[in-house]
Amino acid sequence: MATIEYVLGDITEQEVDVIVNAANSSLLGGGGVDGAIHRKGGPEILAACRELRAGHYGGGLKTGQAVATTAGRLNARWVVHTVGPVWSDTEDRSELLAACHRNSLKVAGDLGARSIAFPAISTGIYRWPVRSAARIAREAVEDAELDLVRFVLFDQAAYDAFTRV
Ligand code: AR6
């Protein structure tokens, strides 16, 4: 069973095997945590993403799926990119948010990673309410087979939501 930790801070500062990126289906960068990871990790990450798009992921990465690249200059071995669902008032997309976590853990495990850091996927630009996201994320990592699962929360409200689950 993995140790589950909560940290208030910047995910790009973490020293773990895998840093998870809340990407979009293009895999070619964006704002929020995605922008921060590419800025700090350097151009190697984008180059690896472009290679994925030129190969198996010509149509992009589907919501809920996950794929690994180099972590570039980050203090990690890999970045695992996953695409969270956009919040919807009319449709329950919880399964897709859970799938992001489970598929990221699967990719990390297959690589031989022992530690992973997740941001609060979908809770920024994709507008998922943070308390709901915290509950879904926590449940999805419950049976993780790594040593360490760390949630890195960027603001106090997210930190409070995750630690209160
Ligand atoms: N470290 C940790 N958490 C962060 C950081 C950071 N450096 N920066 C932001 N957050 P978001 P999404 C938090 O918008 O909602 C991008 O354009 C942020 O406060 O990054 O899944 C992608 O390309 C929030 O709690 O991701 C997609 O188009 C959480 O990370 C889209 O945004 C997620 O916010 C994905 O939207």
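Give me a count of the residues in segment 104-127 that are within 13 Å of GLY64 (Cβ to Cβ) and over 10 Å from the mean Cα position of the chain (by Cα).
3
Can GLY60 be described as under 16 Å from SER25 (Cβ atoms), in contact (Cβ under 8 Å) with a residue 24 or more places away in the chain and in contact with a Lys or Arg (Cβ under 9 Å, 6 or more places away or on another chain)?
When the stated conditions are applied, GLY60 passes them.
Answer yes or no as to whether ILE116 is at pLDDT 95 or above, in a helix (DSSP H, G or I) and open to solvent by less than 80 Å² (accessible area, probe 1.4 Å). Before you say what the answer is, go through the steps one by one.
Numbers: at pLDDT 95 or above: yes; in a helix (DSSP H, G or I): no; open to solvent by less than 80 Å² (accessible area, probe 1.4 Å): yes.
The answer is no for ILE116.
Does ASN21 meet the test of being in contact with an Asp or Glu (Cβ under 6 Å, 6 or more places away or on another chain) and under 19 Å from ASP110 (Cβ atoms)? It would help to see each step written out before you state the result.
Details: in contact with an Asp or Glu (Cβ under 6 Å, 6 or more places away or on another chain): yes; under 19 Å from ASP110 (Cβ atoms): yes.
So ASN21 fits the description; yes.
In the set THR90, THR69, which member is over 14 Å from the mean Cα position of the chain (by Cα) and either closer than 16 Å to GLY124 by Cα or more than 14 Å from the ligand (Cβ to nearest atom) (or both)?
After applying the criteria, what remains is THR90.
Please verify whether ILE136 is among the hydrophobic types (A, V, I, L, M, F, W, C), open to solvent by 10 Å² or more (accessible area, probe 1.4 Å), more than 13 Å from the chain's Cα centre (by Cα) and near the ligand (Cβ under 9 Å from one of its atoms), treating the condition exactly as stated. Full working, then the answer.
Values: among the hydrophobic types (A, V, I, L, M, F, W, C): yes; open to solvent by 10 Å² or more (accessible area, probe 1.4 Å): yes; more than 13 Å from the chain's Cα centre (by Cα): yes; near the ligand (Cβ under 9 Å from one of its atoms): no.
When the stated conditions are applied, ILE136 does not pass them.
The values are calculated or read from the model by the stated rules, or taken from the named source; none is laboratory data. This one's a predicted model, so the numbers in the text were calculated from it and none came from an experiment. Glycine also receives a Cβ, built like all others from the backbone with ideal geometry; neighbour counts cover every protein chain displayed. Surface accessibility is based on the protein's heavy atoms, side chains included, excluding ligands, DNA and RNA. Shrake-Rupley method; radii C 1.70, N 1.55, O 1.52, S 1.80 Å.
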